[in-house]
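Reviewing the structure listed below.
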Amino acid sequence: MAGWHIGIIGGSGLYDVEGIEDGRWVEVETPWGEPSDAIYTGRIGHVRVAFLPRHGRGHRIDPSDLNARANIDALKRLGVTDVLAVSSVGSLAEDRAPGTFSIVDQFVDRTKGRPSSFFGTGMVAHVSMADPVCPRLSALAADAAAAAGATVHRGATYLAMEGPQFSTRAESNLYRQWGCDVIGMTAMPEAKLAREAELPYALVGMVTDYDCWREDEAAVDVAAVIRQLSANAVKARAMVVNLLRALPPERAPSPIDTCLDAALITAPTARDPAMLTKLDAVAGRVLR
């Protein structure tokens, strides 16, 4: 067993983490391009921390323009063992009111045009996404959010839409019929890439609005979202600190740590050396 090194990807509303000791911003180069920003590294207690603002400081990057491959690769290069993602989401369910937190356990991916894999021609791999999040980290996040005073729903299906526009009413109602609970623009392909990088991943969705499926109230707009963001962010920061301080000193292995063992399909003699070089961080364990 070894210690924890938690990567935190902060979405809309969570632009920093309080209480990080020995903190400094670190620039990380990746073969997939530039991450969203430098990564703030340090520790809280015995846990190493690497915080990445998903949209960059100042929220300058559009959801469709996020370089998720670079973000996940950069965290892996820093030695991160697990990833906690925090995102603002809209609610598709009456009981998931603005201000509540949902611990996501499933996804429906409706994004388009975003690079969704580290692998491809020259080095093919197929990871399972049947259970796309880490149950251990998700449970810890749920407990930490509850301790921070949030109303927590454990389990949610997240509809990942392209954006940056919000949904039409027809789309919002369709997603409700599909059984989706929350909607957002950033968790895909982030969760897929974390799995390919053998990083256990958990996603906490902070509800800001009811999307636009409710006929008796105004549709979601940025002003309404921003009003809810600040209230959510206070609890989100407390949740992160609670989680980090609750982690045991030693980290037991996760099955996700070795998920590539059964995923590679390209024969060693047919593998593209240039692809292997790009995969040095995310898949180096199984390619060396």
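Where a number appears in this text, it was derived from the coordinates with a stated rule and is not lab data. Only a predicted model underlies this, so the values are computations on that prediction, with no experimental measurement involved. Note: ideal-geometry Cβ built from the backbone for every residue, glycine included; neighbour counts use all protein chains shown.
A few remarks follow.
- Ranked by how many other beta carbons lie within 10 Å on average, peptides 31-37, 156-162 from highest: 156-162, 31-37
- Legend: helices of the chain (whole DSSP H runs) are marked when their alpha-carbon atoms reach 27 angstrom or more along the helix axis and their mean Kyte-Doolittle hydropathy is at least 0.0; marked are 222-246.
- Candidate aspartates and glutamates - alpha carbon under 16 Å from LYS278, same-chain residues fewer than 8 apart omitted: GLU29, GLU34, ASP73, GLU196, GLU198
- Listed residue (VAL47, SER36, VAL17) projecting farthest to the positive dipole end of region 17-56, Cβ model: VAL47
- The chain - mean residue ellipticity at 222 nm from DSSP helices (-39,500 (n - 2.57) per run, n ≥ 4, rounded to 500): -8000 deg cm²/dmol
- In plain terms, the bigger the Kirkwood radius, the slower the diffusion; for the chain, with that radius from Cα pairs, at 4 °C and 1.567 mPa s, Stokes-Einstein puts D at 68 µm²/s.
- Which of TYR175, GLY99, MET275, positive extreme of dipole for the chain (C-beta unit charges): MET275
- Of the Cα atoms belonging to region 96-207, the radius of gyration and Dmax stand at 14.9, 49 Å.
- Among ALA85, PHE119, THR266 - extreme Cα towards positive end, dipole of the chain, charges at beta-carbon: THR266
- Packing order of peptides 278-288, 69-79, 235-245, 193-203, highest average first: 193-203, 69-79, 235-245, 278-288 (average count of other Cβ atoms within 10 Å over each peptide's residues).
- Stokes-Einstein D in µm²/s, Kirkwood radius over Cα pairs - region 150-240 at 10 °C with 1.306 mPa s viscosity: 108 µm²/s
- Computed magnitude of the charge dipole of region 159-288 (debye, nearest 20; Cβ of K, R +1, Cβ of D, E -1): 480 debye
- Basic side chains Lys and Arg get +1 at the Cβ, acidic Asp and Glu get -1 at the Cβ, and with that the dipole of region 1-84 about its Cα centre reaches some 140 debye.
- Between SER116 and ALA2, the distance separating the two model label sites (each 7 Å from Cα on the Cα→Cβ line) works out to 3.1 nm.
- Antiparallel DSSP beta bridges within the chain, as percent of all bridges there, nearest 5: 40 percent
- Charging the Cβ of each Asp and Glu at -1 and of each Lys and Arg at +1, and nothing else, the dipole of the chain about its Cα centre rounds to 500 debye.
- For the pair THR269 and VAL108, label points projected 7 Å from Cα toward Cβ lie 4.6 nm apart.
- Under 28 Å from LYS235, Cα to Cα: lysines that are on another chain or at least 8 residues apart: LYS76, LYS192
- The chain: relative contact order as a whole-number percent, Cα under 8 Å and 6+ apart: 26 percent
- The convex hull drawn around the Cα atoms of region 1-114, when projected onto a plane and averaged over every direction, covers 8.9 nm².
- Pairwise label distance in nanometres, ARG24 with ARG57, each label 7 Å out on the Cα-Cβ vector: 1.5 nm
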